[in-house]
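No value in this document is a laboratory result; all are computed from the given coordinates. Quantities reported herein were computed from a predicted structural model and do not represent experimental measurements. Note that we place each Cβ from the backbone using ideal geometry, even for glycine, and neighbour counts take in every protein chain shown.
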Amino acid sequence: MKRRALKTDVYTKAAEQFSRLSKDSSGVGAIIISASGEPLAFGYNGPPPCFDDDKLPKGKTPELRKIKCTTVGDLEFDSIFSESSKYDYAIHAERNAIRYATRSRSVDLEGSHIFVTRFPCKSCALEIAASGISHVHCDLPISSEEEEGLTLFYCLHPDNKGGLTAAPINSSLEILLEAGVTIWLRNQKIEAA
């Protein structure tokens, strides 16, 4: 039991280290480990490698940008204007790790574990379920509240001001549990009944 806890701690810290590669203030990291304990891939949130991160929008709200080009379809232009934010270019850490493993390395993720620094969003939960990953590990605290007879779950993560932000995770939990993925929150096992 102690060895598993040690490995979990090491992989959680590795995901935290990979999060530092992100230029985004949220800095999310992920690492995928095979069922036998072999590191398979890592990812962090940011744009695909074909983009120069330094030239992309940095803000959360859309900004007007001028993009030089010569043709758009059959039309010729000197430039076009685009309204975009950092979210239009960002790929989440989980997706980057899965894509790296499956596209660059052709690795089968069946039965593997993913360690993340933030609980997966709904879209990433779907990608995790579809990839064959069997275990999601997240070391962040979870809170819940009752509202109209329903229990709402929130993952608490640090914000940019030194406090905590509560992100709803009910949809992600549902997707992962319905797909048979085991969730580990702070080393506490959550499985579908």
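The set of residues from the stretch 41-64 being under 16 Å from the mean Cα position of the chain (by Cα) and of a type in the set (A, V, I, L, M) comprises just one member, 41.
Of 133, 128, 114, all but one fail to be in a strand (DSSP E or B) and not hydroxyl-bearing (Ser, Thr, Tyr); the exception is 114. Scanning the stretch 141-152 turns up no residue that is under 16 Å from the mean Cα position of the chain (by Cα) and crowded, with 17+ Cβ neighbours inside 10 Å. Please indicate, with yes or no, whether at least one residue in the stretch 177-184 is of a type outside the set (Lys, Arg), in a loop (DSSP other than H, G, I, E, B) and within 17 Å of the chain's Cα centre (by Cα). Within the stretch 177-184, one or more residues are of a type outside the set (Lys, Arg), in a loop (DSSP other than H, G, I, E, B) and within 17 Å of the chain's Cα centre (by Cα). Scanning the stretch 94-111 for residues that are assigned to a loop (DSSP other than H, G, I, E, B) and surrounded by 15 or more Cβ atoms within 10 Å (Cβ to Cβ) yields 107, 109.
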